[in-house]
Amino acid sequence: MPDLYTFGEAMALFLANDTDSVLTARTYSRSTAGAEGNVAVGVARLGLSAHFFTLMGNDQLGSAVIADFESEGVDLSGVKRVDSFSSAMVRNPGTSAPVEASYLRKGAAASLMRPEDLDHNVISQSRWLHTTGITCAISTSAAATAAAGLDVARKIGIKKSFDLNIRRKLWSEEQARKVLEPLARDVDLLIGGEDEYCAVFGTSDPQEALLIAAARGTTFAIMTKGPELLSYAADGAFHTVHPPRVQSVDPVGSGDAFTSGVISGLLAGLTIADAISQGTISGARVASQFGDWAGLPRGKNGITDKSFVEEILGKAK
């Protein structure tokens, strides 16, 4: 029985090695990225079982991405290979210049995802379902799949989470709000950045946006702001948390790491405060290293090993 069932787009990530700009780089390292897959790996690293579903192309790049997940112990038994290309992202490391990504994903394999692709039997055996707004952005059929997944989880009665995750290179805020606002309700965990909450819930006031989200049947609503103070609503009250501040080497993927730490903690029986604290450790560690997975901590039964916690707290400014 999987602890986590998640689905979305997985991409081959080509990260510039020799310079901080794709315009001048000549050598790249390949790894794997994608929000839901990142969360699956993060959960698996903490000693829980994760099932990740996606569509991959019948190409070598797709095979390489699948092998990456399998090497992390993520269950990809439901993955479908289709006659389209596998997604890819090319970007700079973001050390001296802002992160700038080039996507190769319009019309890619994962965008062909449909609601009927979801395995209801596996979902019914899972403890938690997770999806994000990125899946909603890649195609209308993928957006319908995200909605269907959340509906199945509601009917079955398992825990569910939704990360707003607006990718402005894929669609406008207006388009995102129209699709994401109806989905951001009746979930056990809602996560998003301050700007994403404001965009989806139609207000420039972050606290008002969090209040709106919490009133829509959401058990825990978490609003992040990078390494700055995060806010969350739980049990009718608002709380704030100071994440550990570390030297950020590569912030991409740190949000997914945070999400994986929180979900794992809640599955392990931690309070929301302790689960969020665990999530901040995962997020800080990924931000301190290159790549979406490189810094993901390890643990057992959903709890981070103390050595990783001590490492991050020791580095915190």
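The values are calculated or read from the model by the stated rules, or taken from the named source; none is laboratory data. Worth saying up front: this structure is predicted, and the values here are computed from it rather than measured. Cβ placement follows ideal geometry from the backbone for every residue including glycine, while neighbour counts extend to all protein chains displayed.
Within region 253-265, not a single residue is surrounded by fewer than 16 Cβ atoms within 10 Å (Cβ to Cβ) and free of Cβ contacts under 8 Å to residues at least 60 places away in the same chain. Summed over region 49-69, the residues that are free of Cβ contacts under 8 Å to residues at least 24 places away in the same chain and either farther than 30 Å from LYS300 by Cα or in contact with a Cys (Cβ under 9 Å, 6 or more places away or on another chain) (or both) give a count of 1.
Among the conditions (1) β-branched (Val, Ile, Thr); (2) out of contact with any helix residue (DSSP H, G or I) (no Cβ under 6 Å at 6 or more places or on another chain); (3) touching a residue at least 60 places away in the same chain (Cβ under 8 Å), the only one that ILE134 does not satisfy is (2). Looking only at region 266-284, filter to residues that are of a type in the set (S, T, N, Q) and more than 15 Å from the chain's Cα centre (by Cα); which one of those is surrounded by the fewest Cβ atoms within 10 Å (Cβ to Cβ)? Ranking the qualifying residues of region 266-284, first place goes to THR271.
All conditions in (1) farther than 24 Å from LEU15 by Cβ; (2) under 13 Å from the mean Cα position of the chain (by Cα); (3) not basic (Lys, Arg) hold for GLY261, with the sole exception of (1). Residues that are surrounded by 22 or more Cβ atoms within 10 Å (Cβ to Cβ) and within 22 Å of SER29 (Cα to Cα) were ranked within region 285-316; the one that is modelled with the lowest pLDDT is ASP292. Where strands (runs of 3 or more DSSP E) fall entirely within region 48-128, those with at least 2 residues that are within 23 Å of GLY253 (Cβ to Cβ) and modelled with pLDDT of 95 or more are at 50-53, 55-57, 88-91. Residue selection: GLU9 satisfies the criterion of being out of contact with any strand residue (DSSP E or B) (no Cβ under 7 Å at 6 or more places or on another chain), under 15 Å from LEU76 (Cα atoms) and touching a residue at least 24 places away in the same chain (Cβ under 8 Å). Evaluate region 70-78: report whether one residue or more is closer than 26 Å to GLY283 by Cβ, in contact (Cβ under 8 Å) with a residue 12 or more places away in the chain, of a type in the set (D, E, K, R) and surrounded by fewer than 16 Cβ atoms within 10 Å (Cβ to Cβ). Within region 70-78, none of the residues are closer than 26 Å to GLY283 by Cβ, in contact (Cβ under 8 Å) with a residue 12 or more places away in the chain, of a type in the set (D, E, K, R) and surrounded by fewer than 16 Cβ atoms within 10 Å (Cβ to Cβ).
Cβ-Cβ distances below 8 Å connect the following pairs, each with a first residue in region 218-247 that is of a type in the set (D, E, K, R), a second residue that is buried (at least 19 other Cβ atoms within 10 Å of the Cβ), and a separation of six or more residues or different chains: LYS225/GLY193; LYS225/GLU194; GLU228/PRO243; ARG245/PRO227; ARG245/ALA284. With respect to ALA143, determine if the residue is touching a residue at least 60 places away in the same chain (Cβ under 8 Å) and either within 21 Å of ARG30 (Cβ to Cβ) or of a type outside the set (Lys, Arg) (or both). Judged against the criteria, ALA143 is not a match.
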